[in-house]
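Chemist: Dumping the structure here so I can ask a few things about it.
The values are calculated or read from the model by the stated rules, or taken from the named source; none is laboratory data. The shown structure was predicted, so the numbers you read here are calculated from the model rather than taken from an experiment. Cβ: placed from backbone, ideal geometry, glycine included. Neighbour counts: every protein chain shown.
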Amino acid sequence: MNRTVNLKGLLVDLSVARVMGILNITPDSFFAGSRVDGDTLGAQAARMVGEGADFLDVGGYSSRPGASEVSEAEELARVVPAIEFLAREFPAVPVSVDTFRARVAEEALRAGACMVNDISGGADADMPSVVARQGAAYVLMHRRGTPQTMQQLTHYENLLAEVMEYFYTHLATLEAAGVTDIIIDPGFGFAKTAEQNFLLLKHLEYFEALGRPLLAGLSRKSMVWRTLGITPDEALPGTVALQMVALQKGVSMLRVHDVREAKQDITLHQQLMLAHGNNAVNKGV
C-alpha cells in the first residue's frame, strides 16, 4: 500500500501515522471545542502545532447530521482568509480545506491549502479537475446524501462491499481526471448507524486493497459518546481507545480535535510495533 502523499510538490512520508488537527470556522459544529473564529484561530492553531499536528484541516460548513445550509459566499468568507493566515503564520504545516464545493476548494488551494478533504466524494463535478489542476492531494470520503438527509440513508445489503464499490467507482473518476494522490476515508458517522461504524472499524484493513493511505475520523463522534451514554465533551478517553484500534488496522492519518492525545496514541502504537525479544512462553509457570 502507498505510504506517501504528494502535496503540491511536497512529498510526505506516511509510514508513521500523521495527525490532522480540526479547525472549524463554524458556529454549529457538533463539538464546541473545535469551533474557532478570527479571534481564536491563531491561538488554537498554535496550540495544535505545538502539540505536534502534521496537518491543519479548515472547514467552514458543519457536516454534522442536520446541520444548517451555508451559502458558498459565506463558506468562502470563512475559510479563505483563515487559510491565508495559516499558510503565512505556520508555513511548515500543510493545510487542508474541508469542503465539497469546487469553487471553495480552488480558492482555498490558491490561498495556500494543499489538500482537499471532500466529505461528498466529489458530488461537485468540477472538483476532480480543480484538484488535478492545482496538483493537490484529495481525501475521498464515503457518504450518502447530505448532512441534512444522511441519517435516513443507512440501509445496506452488505456494508463493506457497498462502501468498497463506492471507492472503486470514485477512484476511477478521480484518476481519469488526473488526480494522483488520494487518501481513503470510510466516513465514520456519515450515513451509518453506530453498529455499522463499529463494523467498519473492525474491518478497516479491508480497504487496504485499494492501495491508498487510509484516514480515520473518529474524534468525539457519536459512536463514542452515545455508546457510552456521555457527551462529546466527555468522549476523549473513548476516542483515544478507538484511534488505537484504527492504528492497529493500518490507518495513515488520524483527523482529530485533540492533537496531543492522538500523537501519544501513535507513539505507543509505534512502540508496540517495535517490540521484540524472547517471546517463548514459560510453560513451567
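Chemist: Under the condition of being within 21 Å of the chain's Cα centre (by Cα) and outside any helix (DSSP H, G or I), which residue from the stretch 70-92 is surrounded by the fewest Cβ atoms within 10 Å (Cβ to Cβ)?
Modeler: The residue in question is Ala92.
Chemist: Here is a further query. Give the number of residues within the stretch 94-139 that are touching a Ser or Thr at 6+ places or on another chain (Cβ under 6 Å) and either modelled with pLDDT under 95 or closer than 17 Å to Ser62 by Cα (or both).
Modeler: 4
Chemist: Could you tell me which numbered condition Leu109 fails, if it satisfies all but one of (1) under 18 Å from the mean Cα position of the chain (by Cα); (2) buried (at least 23 other Cβ atoms within 10 Å of the Cβ); (3) not charged (D, E, K, R); (4) not in a loop (DSSP other than H, G, I, E, B)?
Modeler: Looking at each condition in turn, Leu109 falls short on (2).
Chemist: Out of the stretch 188-222, which residues are touching a helix residue (DSSP H, G or I) at 6+ places or on another chain (Cβ under 8 Å) and assigned to a loop (DSSP other than H, G, I, E, B)?
Modeler: Phe188, Gly189, Phe190, Ala191, Lys192, His203, Arg212, Leu218, Ser219, Arg220, Lys221
Chemist: Another question, if that's okay. Quick one: in the stretch 47-69, of everything that is surrounded by 13 or more Cβ atoms within 10 Å (Cβ to Cβ) and outside any loop (DSSP other than H, G, I, E, B), which residue is nearest to the chain's Cα centre (by Cα)?
Modeler: Asp57
Chemist: Could you check the stretch 16-46 and list, in sequence order, the residues that are modelled with pLDDT under 80, buried (at least 18 other Cβ atoms within 10 Å of the Cβ) and among the charged types (D, E, K, R)?
Modeler: Arg35 - this is the single residue of the stretch 16-46 that is modelled with pLDDT under 80, buried (at least 18 other Cβ atoms within 10 Å of the Cβ) and among the charged types (D, E, K, R).
Chemist: So, in the stretch 157-187, of the ones that are under 23 Å from Phe198 (Cβ atoms) and without any contact (Cβ under 8 Å) to a residue 24 or more places away in the chain, which residue ends up farthest from the chain's Cα centre (by Cα)? Explain how you work it out, then say what you get.
Modeler: The first filter runs over the stretch 157-187 and keeps only residues under 23 Å from Phe198 (Cβ atoms), leaving 157-167, 183-187.
Then drop every residue that is not without any contact (Cβ under 8 Å) to a residue 24 or more places away in the chain, which leaves 157-158, 161-162, 165.
Numbers: Glu157: 26, Asn158: 24, Ala161: 21, Glu162: 20, Glu165: 20 Å.
Among those that are under 23 Å from Phe198 (Cβ atoms) and without any contact (Cβ under 8 Å) to a residue 24 or more places away in the chain, it is Glu157.
Chemist: Where residues in the stretch 236-250 are hydrophobic (A, V, I, L, M, F, W, C) and without any contact (Cβ under 8 Å) to a residue 40 or more places away in the chain, which of them is surrounded by the fewest Cβ atoms within 10 Å (Cβ to Cβ)? Explain how you work it out, then say what you get.
Modeler: Applying the first criterion (hydrophobic (A, V, I, L, M, F, W, C)) to the stretch 236-250 yields 236, 240-242, 244-247.
Still in the running and without any contact (Cβ under 8 Å) to a residue 40 or more places away in the chain: 236, 240-241, 244.
On the way: Leu236: 17, Val240: 19, Ala241: 12, Met244: 17.
The qualifying residue surrounded by the fewest Cβ atoms within 10 Å (Cβ to Cβ) is Ala241.
Chemist: Additional query: Return only the number of the condition from (1) out of contact with any strand residue (DSSP E or B) (no Cβ under 8 Å at 6 or more places or on another chain); (2) under 20 Å from Met164 (Cβ atoms); (3) hydrophobic (A, V, I, L, M, F, W, C); (4) at pLDDT below 95 that Phe198 does not satisfy.
Modeler: (4)
Chemist: Tell me, which residue of the stretch 1-30 that is charged (D, E, K, R) and part of a loop (DSSP other than H, G, I, E, B) is nearest to the chain's Cα centre (by Cα)?
Modeler: Residues of the stretch 1-30 charged (D, E, K, R): 3, 8, 13, 18, 28.
So of that shortlist, the ones also part of a loop (DSSP other than H, G, I, E, B) come out as 3, 8, 28.
Details: Arg3: 16, Lys8: 19, Asp28: 18 Å.
Residue satisfying both the conditions and the ranking: Arg3.
Chemist: Which residue out of Gly145, Gly178 is surrounded by fewer than 21 Cβ atoms within 10 Å (Cβ to Cβ) and over 17 Å from Gly121 (Cβ atoms)? Please lay out each step first, then the result.
Modeler: Values: Gly145 fails: over 17 Å from Gly121 (Cβ atoms).
Within the list Gly145, Gly178, the selection yields Gly178.
Chemist: Can you confirm whether the stretch 254-271 contains a residue that is within 14 Å of Ile22 (Cα to Cα), without any contact (Cβ under 8 Å) to a residue 40 or more places away in the chain and either of a type in the set (Asp, Glu) or surrounded by 15 or more Cβ atoms within 10 Å (Cβ to Cβ) (or both)?
Modeler: yes
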